[in-house]
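Structure record follows, encoded as structure tokens.
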Amino acid sequence: MAIRFSEEQQVFYLTTQQSEYQIKIDQYGHALHSYYGAKVDQDMSYLFSYENRGFSGNPDVVGKDRTYSLDVLPQEYPVFGMGDYRQPALEIENHDGSYGVELTYDSHEIKMEKYQLEGLPAAYQNSGESVSTLELNLYDAISKIKVQLLYGVFEEKDIITRAVTITNMGSGKVNVLKADSASLDYADKDFDVIHFHGRHNMERQYERLSLKNGAFSIGSHRGTSSHQHNPFIILSDSETTESHGNCYGMMLMYSGNFLATIEKSQYNQVRAGIGIGSRGFRYSLAHGESFTAPEAILSYSANGLEELSHHYHQFIQKNVVRGKFRDQRRPVLINNWEATYFDFTEQKLIDIARDAAGVGIELLVMDDGWFGKRDSDTSGLGDWQVNLEKIPNGLKQLADTVNKEGLKFGIWFEPEMVSEDSDMYRKHPEWSINIPGRPGIRSRDQYVLDFTRQDVRDHLVGAITEVLDSANIEYVKWDMNRSLSNVFSESLESHEHGKFYHLYILGLYEVLERLTSAYPDVLFEGCSGGGGRFDAGMLYYTPQIWTSDDTDAVERLRIQHGTSFGYPTRTNGSHVSAVPNHQTSRITPLNTRGIVAMSGSFGYELDITKLTQAEKDEVAEQVEMFKSYYNLIHEGLYYRLTNPWENESFTAWQIVSNDKKETLVSLVRTRQYANDPIAIFRLKGLDPQQIYQLDGEEKEYTGAALMASGWPVPQTNQEYQAFTYHFVCKE
Ligand code: DGJ
């Protein structure tokens with residue numbers, strides 16, 4: 001039984017294959033977080049500390065007992081204002097203006113299926129999978145606030161999901177000022193925090209730091225999960241490595257503002273929380289109204305970071321991503337953005353398609369610039385009608401011609417935006433987000449549309465539907481190229497603007513749900529200036545996301561390394577682009593660009609008509625190689641063999657088939673030395689007893705040798721050379 005309540009101990013035990021999570025209801029009805037970690041099968045409340053501690057108050061219910069303090073005990077859902085001074089998960093402003101609620105146990109229910117969340121993405125259960133739900137209801141009898149803590153236990157996946165619903169049962173209005181999706185308390189103190197920060201063109205950069213006294217937080221208040229921080233953090237023991245030691249992941253399945261905070265308290269306890277955050281958030285609830293905090297995905301591994309990543313990879317692949325492209329091989333695509341930018345004609349696209357067909361590419365994506373008046377990024381957004389100057393024969397004929405060349409046809413949209421210079425803006429300036437009476441804030445010369453409004457959402461669904469119905473369009477790239485600012489909506493009362501950011505995301509999810517369910521055969525790719533909204537919330541609707549606008553193969557190594565901690569390879573849109581690279585001017589061999597891009601949903605983003613025949617032949621070989629390794633790359637287990645932040649000389653990674661019979665090892669030399677020193681790297685995940693051979697070679701290697709002693713780093717005479725090794729088990 002994955003969820004068990006011991007009446008005698010008053011402890012909830014949530015167990016997965018390798019982890020255990022405990023909540024204790026103590027004698028006063030407080031829900032205390034007693035444990036998360038390796039299986040122990042023991043009521044861990046014996047570690048609770050009851051001491052008389054100065055300046056840590058004692059709730060009235062304990063009488064004169066000075067040893068009982070919520071400021072010291074580990075809380076399942078800590079609240080601001082009631083004597084716990086660590087960072088809270090919940091902040092409530094009551095009807096009378098006071099803060100805080102005292103939550104105590106009310107009831108619970110255990111269900112043999114996964115809960116769902118209305119209007120929000122939530123991980124799902126596959127048939128035959130053992131998943132159960134704990135609904136733990138807490139209540140404050142004075143403010144009449146009900147808090148329902150939801151837990152989804154995915155036993156075989158070693159994942160526990162959490163979400164929270166707060167309901168105002170009182171007669172007066174209350175404001176929710178903060179409502180985390182999950183909060184965890186640990187008695188340990190020597191934690192490291194691993195997080196993924198960045199910027200446009202350089203997302204999800206790995207950083208590991210040791211937790212000091214005080215609080216460390218990451219987050220976004222840009223309206224998107226952002227390039228700057230990813231809604232995913234890992235806590236680990238300080239000695240944890242890729243393959244040894246305890247580590248805990250917290251990922252938010254949400255695409256908007258978020259905050260993750262890790263705090264080391266005065267008594268060296270650690271509290272980690274993740275949720276929507278409180279900046280710009282003030283959610284008013286009238287009698288009977290509820291707020292649901294988005295889902296958090298938690299996982300624990302006793303065997304280091306790579307196993308933790310595998311939990312997330314398998315979970316996102318099979319319990320988050322939906323639709324037919326979850327399992328089906330996705331087409332190798334060619335995108336015209338870096339080939340032409342806005343300067344293309346119908347004929348140019350057909351020429352690209354023809355040459356792409358010749359090398360085995362399967363889909364042409366027509367990027368930005370095909371609609372309205374759009375010859376630069378200063379105009380046209382919102383006018384989703386084909387530009388007949390560029391595409392004189394219309395979308396249908398273009399798609400049909402591309403299809404005749406043997407390729408599928410895909411198209412770019414940026415539905416959440418409007419240009420000032422557009423018919424849409426001229427007709428409906430009130431649809432864009434701006435504060436009345438204040439000058440607007442342009443970014444990329446555009447405004448954001450008010451997705452909190454039903455009329456705006458309906459208009460967009462209608463406009464996109466018209467385009468998708470007008471031609472054989474089999475792929476959509478959903479872009480979003482600015483952050484939100486000076487938010488305001490005519491659809492909201494003045495006191496309701498603290499709901500804006502969340503309602504925007506709910507509006508986005510509604511539109512995505514309507515379109516993706518109406519077009520199940522269309523592959524949707526997410527994008528926000530590259531990976532500015534790369535999160536599990538978007539992956540629920542778009543099975544892949546354009547990883548970064550930085551297509552430089554060497555920079556991608558670090559981006560892919562950071563991304564790989566939480567997200568599986570197939571979620572990474574990954575393209576070979578031209579050299580000199582458009583972002584860095586770096587020149588790398590075509591082979592290297594191919595090998596790096598193949599660790600993702602693969603494609604090209606260059607003017608193929610300008611390649612020499614020799615280059616086209618090489619591209620044809622790459623496409624063939626990718627297709628032949630597709631199952632391995634997208635279903636296998638991904639191992640980081642080096643950390644590109646520590647190893648200057650080379651970056652290596654490996655994908656191992658689930659039966660361990662096959663592995664693809666990739667390596668890029670990132671620095672060339674004179675008279676190269678000897679270097680060896682060790683493989684992972686193989687069967688030590690098995691004999692492996694390289695393709696086309698007789699020589700044999702035991703799995704044990706490849707993992708214990710390793711494989712030589714090839715000597716090179718030129719920077720940025722790349723290598724792959726495909727080992728297969730001897731029959
Ligand atoms: C940003 C995207 O990340 C690019 O790939 C491209 O689609 C441009 N927008 C188009 O404006």
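Which residues, counting only those in the range 92-138, are under 30 Å from M82 (Cα atoms) and free of Cβ contacts under 8 Å to residues at least 12 places away in the same chain? Passing the criteria: only G97. Looking at L364, L308, just one residue is within 16 Å of the ligand (Cβ to nearest atom) and open to solvent by less than 10 Å² (accessible area, probe 1.4 Å), and that residue is L364. Given the structure, is E490 out of contact with any His (no Cβ under 9 Å at 6 or more places or on another chain), modelled with pLDDT under 95 and either small (G, A, S) or farther than 20 Å from F258 by Cα (or both)? Yes: the conditions hold for E490. Within the set F48, F55, F5, the sole residue that is modelled with pLDDT of 95 or more and at positive phi turns out to be F55. In the range 238-265, how many residues are within 12 Å of the chain's Cα centre (by Cα) and either under 23 Å from G685 (Cα atoms) or open to solvent by 30 Å² or more (accessible area, probe 1.4 Å) (or both)? Total satisfying the criteria: 0. Could you list, in sequence order, all residues of the range 391-400 that are out of contact with any strand residue (DSSP E or B) (no Cβ under 8 Å at 6 or more places or on another chain) and over 16 Å from F413 (Cβ atoms)? Selection gives P392, N393, K396, Q397, D400.
Quick one: is E496 assigned to a helix (DSSP H, G or I), closer than 23 Å to D327 by Cβ, open to solvent by 10 Å² or more (accessible area, probe 1.4 Å) and of a type outside the set (S, T, N, Q)? Can you show your working first?
On the way: assigned to a helix (DSSP H, G or I): yes; closer than 23 Å to D327 by Cβ: no; open to solvent by 10 Å² or more (accessible area, probe 1.4 Å): yes; of a type outside the set (S, T, N, Q): yes.
Taking the combined requirement at face value, the residue does not satisfy it.
How about the range 520-631: which strands (runs of 3 or more DSSP E) wholly inside it have at least 1 residues that are at pLDDT 95 or above and closer than 24 Å to T642 by Cβ?
Details: elements: 523-526, 544-546, 572-577, 601-605.
The strands (runs of 3 or more DSSP E) meeting that bar are 572-577, 601-605.
Considering the range 371-468, there are no qualifying strands (runs of 3 or more DSSP E) wholly inside with 3 or more residues that are in the same structural domain as G119 (by TED's automatic domain parsing) and crowded, with 18+ Cβ neighbours inside 10 Å.
Quick one: which of L694, L686, L667 is surrounded by fewer than 16 Cβ atoms within 10 Å (Cβ to Cβ), aliphatic (A, V, I, L, M) and closer than 24 Å to F626 by Cα?
After ruling out the rest, the residue left standing is L694.
Among the candidates E525, E474, the residue that is among the acidic types (D, E), in contact with a strand residue (DSSP E or B) (Cβ under 6 Å, 6 or more places away or on another chain) and within 23 Å of S220 (Cα to Cα) is uniquely E525. Just one of the listed residues (S34, S6) is within 25 Å of E113 (Cα to Cα) and out of contact with any Leu (no Cβ under 9 Å at 6 or more places or on another chain), namely S6. On the given criteria, is V579 under 24 Å from the mean Cα position of the chain (by Cα) and outside the structural domain of C247 (by TED's automatic domain parsing)? Answer is no for this residue.
Among the residues of the range 500-518, not a single one is surrounded by 19 or more Cβ atoms within 10 Å (Cβ to Cβ), touching a residue at least 12 places away in the same chain (Cβ under 8 Å) and within 16 Å of the ligand (Cβ to nearest atom).
Within the group N335, N303, which residue is within 16 Å of the ligand (Cβ to nearest atom), among the polar types (S, T, N, Q) and more than 30 Å from S143 (Cα to Cα)? It would help to see each step written out before you state the result.
Numbers: N303 fails: within 16 Å of the ligand (Cβ to nearest atom).
Just one listed residue meets the conditions, N335.
Does the range 522-545 contain at least one residue that is more than 14 Å from the ligand (Cβ to nearest atom) and surrounded by fewer than 22 Cβ atoms within 10 Å (Cβ to Cβ)? Scanning the range 522-545, I find at least one residue that is more than 14 Å from the ligand (Cβ to nearest atom) and surrounded by fewer than 22 Cβ atoms within 10 Å (Cβ to Cβ), so the answer is yes. Please determine whether any residue of the range 467-478 is within 16 Å of the ligand (Cβ to nearest atom), more than 18 Å from I433 (Cα to Cα) and not hydrophobic (A, V, I, L, M, F, W, C). Scanning the range 467-478 turns up at least one residue that is within 16 Å of the ligand (Cβ to nearest atom), more than 18 Å from I433 (Cα to Cα) and not hydrophobic (A, V, I, L, M, F, W, C).
On the basis of being at positive phi, open to solvent by 40 Å² or more (accessible area, probe 1.4 Å) and not assigned by TED's automatic domain parsing to the domain that holds S628, does N717 make the cut? No.
Within the range 720-731, restricting attention to residues that are farther than 27 Å from P688 by Cβ and out of contact with any Lys or Arg (no Cβ under 6 Å at 6 or more places or on another chain), the residue that is least open to solvent (accessible area, probe 1.4 Å) is A722.
Taking L285 as the residue in question, decide whether it is over 21 Å from H197 (Cα atoms) and open to solvent by less than 10 Å² (accessible area, probe 1.4 Å). Judged against the criteria, L285 is a match.
The values are calculated or read from the model by the stated rules, or taken from the named source; none is laboratory data. Just so we're clear, the structure is a prediction, and the values are computed from it rather than from any experiment. Here Cβ is always computed from backbone atoms with ideal geometry, including for glycine, and neighbour counts include all displayed protein chains. In case anyone asks, the SASA skips ligands and DNA or RNA and just uses the protein heavy atoms, side chains included. Shrake-Rupley method; radii C 1.70, N 1.55, O 1.52, S 1.80 Å.
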